[in-house]
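A.B. asks: Let me give you the structure first, and then I'll get to my questions.
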Amino acid sequence: MQVLVRHDNTISGGEQFSADVTSVIESSLHRFTEQISRTEVHFADENGPKGGEDDIRRTIEVRVEGRQPTAVTAHSSSLMAALDDAVEKLVHLLEHQLDKLREHSRS
């Protein structure tokens, strides 16, 4: 599974930040590794330098083989909290979608 980490110019993120995000994604989605070809992680600060509560937007898009890309979004006041929220949403979404695929293939 390839993991791409992107962010807007208001968020400072270097190699360590990308490595930390990649680690969280890989450990959280490890049971779906066979089905996912690529995961893109996008961070944006919606208020820019003005600040504000829950202004960090985190979007995770996954490409499951044989399906259209799937994305989830979460907002928080910190980068890692937004990451955790989005990953939790994504895991639930993937479980649901892949369970439906398994049921359909059994029919």
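The values are calculated or read from the model by the stated rules, or taken from the named source; none is laboratory data. None of these values were measured; they are calculated from a predicted model. We place every Cβ from the backbone using ideal geometry, glycine too, and count neighbours over all the protein chains shown. Please note that ligands, DNA and RNA were not included when accessible areas were found on the heavy atoms of the full protein model with its side chains. Shrake-Rupley method; radii C 1.70, N 1.55, O 1.52, S 1.80 Å.
A.B. asks: Order the following by accessible area, largest value first: 77, 18, 12. Probe radius 1.4 Å; ligands, DNA and RNA are ignored.
C.D. replies: So, going from the largest accessible area down, we get 12, 77, 18.
A.B. asks: Sticking with this structure for a sec: Pairing the Cα long axis of helix 15-28 with the longest principal axis of the chain, what angle in degrees results, from 0 to 90 and rounded to the nearest 10?
C.D. replies: For 15-28 against the chain, the angle is about 30 degrees.
A.B. asks: Ignoring everything but the protein chains, give the 1.4 Å probe accessible area of residue 20 in square angstrom, nearest 10.
C.D. replies: 70
A.B. asks: When the helices in the chain are scored as -39500 (n - 2.57) per DSSP H run of 4 or longer and the sum is shared across all residues, what 222 nm value do you end up with, to the nearest 500 deg cm²/dmol?
C.D. replies: Roughly -13500 deg cm²/dmol at 222 nm, from the helical runs in the chain.
A.B. asks: Just to confirm the number: angle between the C-alpha axis of helix 79-106 and the first principal axis of the chain, 0 to 90 degrees, nearest 10?
C.D. replies: 10
A.B. asks: How do 67, 38 rank by accessible surface area computed with a 1.4 Å probe, from largest to smallest?
C.D. replies: Values: 67 100, 38 70 Å².
The most accessible residue leads, giving 67, 38.
A.B. asks: Which order do 55, 8, 99 take when ranked by solvent-accessible area (1.4 Å probe, heavy atoms of all protein chains), largest first?
C.D. replies: Result of the area sort, largest leading: 99, 8, 55.
A.B. asks: Additional query: Please find the FRET efficiency linking residue 77 to residue 6, where r is the Cβ-Cβ separation and R0 is fixed at 25 Å, and quote it to the nearest 0.05.
C.D. replies: Efficiency, rounded to the nearest 0.05: 0.80.
A.B. asks: Once the dipole of the chain is set up with Lys and Arg at +1 and Asp and Glu at -1 on Cβ about the Cα centre, which of 83, 33, 73 lies farthest towards its positive end?
C.D. replies: Most positive-ward Cα: 33.
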